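The values are calculated or read from the model by the stated rules, or taken from the named source; none is laboratory data. The model shown is predicted, which means the values in this text are computed figures rather than measured ones. So basically every Cβ, Gly included, is an ideal-geometry build from the backbone, and we count neighbours across all protein chains shown. Heads up: the accessible areas ignore ligands, DNA and RNA and are worked out on the full protein's heavy atoms, side chains in. Shrake-Rupley method; radii C 1.70, N 1.55, O 1.52, S 1.80 Å.
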Amino acid sequence: MQTRELLIDTDPGVDDALAILMAHAHADVVGLSIAAGNVGLAHTVGNALKLVEVIGVDTPVFAGCPVPLILPAGDAGLVHGADGFGDTGYLPCTRRAADEHAAAAIVRLAHERPGRLTLVALAPLTNIALALRLDPQLPSRVARLVIMGGAVTGRGNTHRVPAEFNIGFDPEAAHVVFSTWPAFDLVDWEACLRHAMAFDRFDRIVGSGDARATFYAAISRNARAFNQAQGRHGMIAADALAMAVALDPGIIRRAESHHVGIELGGTLTRGATVVDWEDRMDPPANARIVLDVDQGRFEVMVARALGSPVLA
Ligand code: BDR
Ligand code: CA
């Protein structure tokens, strides 16, 4: 397994929480840069702080941009709860976020660790776009970028049918990143649908873990019910799948590299990820699109992150 240092840009969020738990169980996490997205920034920052308290670490948390770069966007409170963590009424963490903007922290941490960081993008790309504008050389300082986002054949999860949430929330930020970052791994929503965790297996893992699992069981209850009500065949944990790919690229079974661009206009298609599947256009491939991963190894990583012996 690859054991690079991770910097996670995230908008916790139930599936972000699982991804952050996985990261701390399997690698060194140098920081959490926080975006608005699933819910507003005050909640996503508070959720990140609470989660590191539950894990028992002092990973720094950096608050980022409270709004998308250009146009306002709706949140995903319907899935994640109005507070982003299932409205459990948890006792807030007393620790505060660091006194540095998330975009500045991304630039600084990459400078301090040249060629060592894996940057994992689990949120709208607002902070990373700002970091790129602050430091256009950022991609050369980062070992690897893994993005959870997009819907590569147009099966999105927002009211704009082809748009996936992270891209659809801030398409301009996604455009900045996709048009300037030369090579990244893309874990899209459709891959996440294919790699849902069967409900019975998910329940056994969550029900047999330690304090991390107890906390995660509480915050994920609403999201699990939402998944079931949608008729999905299991729990979709999009950010956890992206984190598994970030932690261990060896779990990738099938991937294709192509150019992916972001639709910024379009009455029906704003926020779509447009893939040049046949490499007919000029821009070279920027994205390695993950199409299939080893489900068993993914679920083992999830189980370990929750302290569960199931599958581990
Ligand atoms: C993505 O959007 C958010 O709701 C999730 O946390 C994930 O990052 C899935 O489309
Ligand atoms: Ca997220």
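Results, tabulated for the structure shown:
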{"item": "Accessible surface of Val275 - all protein chains present, 1.4 Å probe, nearest 10 Å²", "result": "20"}
{"item": "With every protein chain in place, the chain: carbon and sulfur % of accessible area (1.4 Å)", "result": "53"}
{"item": "Label-point separation in nm, Leu311 to Thr214, each point 7 Å along Cα→Cβ", "result": "2.4"}
{"item": "For segment 1-131: rounded, prolate or oblate by the Cα gyration tensor [a/c cutoff 1.5]", "result": "oblate"}
{"item": "Nonlocal amide H pairs with Arg116, under 5 Å, H built at 1.01 Å", "result": "Ala143"}
{"item": "Segment 189-268 and segment 1-59: distance between their alpha carbon centers, rounded to Å", "result": "15"}
{"item": "Cut-off under 5 Å, modelled amide H: who pairs with Val274 long-range", "result": "Gly261, Ile262, Glu263"}
{"item": "Solvent accessible area, Å² - Phe199, 1.4 Å probe, full protein context", "result": "30"}
{"item": "For segment 135-147, Karplus couplings with θ = phi - 60° (6.51, -1.76, 1.60), whole Hz, Gly/Pro x", "result": "9, x, 7, 3, x, 6, 9, 9, 5, 7, 10, 10, 10"}
{"item": "Note, ³J(HN,Hα) from phi for segment 167-182, Karplus 6.51, -1.76, 1.60, rounded to Hz, x at Gly and Pro", "result": "7, x, 5, 8, x, 5, 4, 4, 4, 4, 6, 5, 8, 10, 7, x"}
{"item": "Low-density loop cleavage sites - trypsin sites (Lys or Arg not before Pro) in segment 254-312, where at most 15 other Cβ are within 10 Å (DSSP)", "result": "Arg280"}
{"item": "Gaussian network model of the chain, Cα within-10 Å springs - most flexible of Val79, Val57, Val293", "result": "Val57"}
{"item": "Largest to smallest accessible area among Glu256, Glu112 [probe 1.4 Å]", "result": "Glu112, Glu256"}
{"item": "Relative contact order %, the chain, counting alpha carbon pairs below 8 Å whose residues are six or more apart", "result": "21"}
{"item": "Spin-label model distance (nm) - Glu256 vs Gln230, 7 Å beyond Cα toward Cβ", "result": "2.4"}
{"item": "Which of Trp181, Trp277 is most accessible, then next, and so on - probe 1.4 Å", "result": "Trp277, Trp181"}
{"item": "Principal axis box of segment 5-305, alpha-carbon based, largest edge first, Å", "result": "51, 43, 37"}
{"item": "Mean accessible surface per residue for the chain, computed with a 1.4 Å probe while every protein chain stays in place, in Å²", "result": "39"}
{"item": "Förster radius 22 Å - calculated FRET efficiency between Asp87 and Val57, Cβ distance, rounded to 0.05", "result": "0.30"}
{"item": "Distance histogram for segment 60-119 (every C-alpha pair counted, 5 angstrom bins, percent rounded to whole numbers)", "result": "4, 13, 14, 17, 21, 17, 10, 4, 0"}
{"item": "Antiparallel %, DSSP beta bridges [both residues in the chain], to 5", "result": "30"}
{"item": "Computed FRET value (nearest 0.05) for Arg133 with Phe199, which takes r as the C-beta separation and R₀ as 51 Å", "result": "0.75"}
{"item": "Inter-site label distance for Arg155 and Leu78 at 7 Å from Cα along Cβ, in nm", "result": "1.9"}
{"item": "For Arg288, distant residues with modelled amide H under 5 Å away", "result": "Phe184, Asp185, Leu186"}
